[in-house]
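To start, the structure under review is shown below, and the notes come after it.
The values are calculated or read from the model by the stated rules, or taken from the named source; none is laboratory data. On a predicted model such as this, the values are computed, not experimentally measured, just so you know. Reconstructed Cβ throughout: ideal geometry from the backbone, glycine too, with neighbour counts over all protein chains shown.
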Protein chains: 2
Amino acid sequence: MGITKTEHFSEEQNELAILAKAIGHPARIAIIQHLIKVNSCVCGDIVNELPLAQPTVSQHLKELKNAGLIKGSFEGNAICYCLDEKGFHKIRGFFNQVNTYLENKKNQCC
Amino acid sequence: MGITKTEHFSEEQNELAILAKAIGHPARIAIIQHLIKVNSCVCGDIVNELPLAQPTVSQHLKELKNAGLIKGSFEGNAICYCLDEKGFHKIRGFFNQVNTYLENKKNQCC
DNA sequence: TATTTATATTGCAATATTACGATATAAAGA
DNA sequence: TCTTTATATCGTAATATTGCAATATAAATA
């Protein structure tokens, strides 16, 4: 089918999945890493940085933006992109829970 | 095309993407959350917990296992699953970097 | 206004993912 | 051994994702 049974899961579970899925592509990891390195940049810089055509990069940027992981603001005729706390803040809580659990567990099973 | 240009990205970028992608489905988020709650359980428990058929759950478990996010050990004729530190440890470094960056940045752009 | 520059959108082909019924496998117990 | 129980695998249909050429849009500049 290819269709996820979204309606059977909680809103939180769906939100976390959308965020993780948006991060789950090497090009989008590379974009996030580049934005950390240069703080902010225009789309064209990322096109030069990645081995992908401009429409493909534009599409990846759109997905990151939809997930709330980056944001863009107009700067002349270009668009300046940078990381968006909103998305990363949401997913941070989940990983904090996992890490806290793993630290206390100390492998008592499996 | 649907095919990711894996070879053009670094090994680290591909690894992180695989981990995030594995987490990026509400059923797999639910499985992780359930394992945190009950520490460890057999596949059948998860089938009862989720609104999905047994083969579908089995497939999700396989993906989480391949990514190194869960591990399973035989227990009689059942298999006991629990979280695997390995995968979560790898992705933790990435989110630590992002969070450290975001805390120091204080919104000076976009 | 015409051109250039920067980005987004459309359309499409190739591939991947999701879900599940049917079936296989493998250990446990009768 | 036969049956039950638990999980995995196969096959397949429906849908989603990835990537790009072609094209559209929109601001800047000549």
>> Please go through (1) more than 7 Å from chain B (Cβ to nearest Cβ); (2) surrounded by 17 or more Cβ atoms within 10 Å (Cβ to Cβ) for A:ALA17 and return the number of the only condition it doesn't satisfy.
In response: (1)
> Would you pick out the residues in segment B:22-51 that are free of Cβ contacts under 8 Å to residues at least 24 places away in the same chain, in a helix (DSSP H, G or I) and either of a type in the set (D, E, K, R) or within 10 Å of DNA strand C (Cβ to nearest atom) (or both)?
Replying inline: B:PRO26, B:LYS37, B:ASP45, B:VAL47, B:GLU49
> When segment B:69-92 is examined, which residues are found to be over 21 Å from B:LYS37 (Cβ atoms), more than 11 Å from every other protein chain (Cβ to nearest Cβ) and not polar (S, T, N, Q)?
Replying inline: B:GLY76, B:LYS90
>> Based on this model, can you work out whether A:HIS89 counts as in contact (Cβ under 8 Å) with a residue 12 or more places away in the chain and either in a helix (DSSP H, G or I) or surrounded by 16 or more Cβ atoms within 10 Å (Cβ to Cβ) (or both)?
In response: no
>> Conditions first: (1) modelled with pLDDT under 95; (2) at negative phi. A:GLY2 passes all but one, so which condition is the exception?
In response: (2)
> If you take the residues of segment B:58-68 that are near DNA strand D (Cβ under 8 Å from one of its atoms) and away from every other protein chain (no Cβ under 12 Å), which of them is surrounded by the most Cβ atoms within 10 Å (Cβ to Cβ)?
Replying inline: B:LEU61
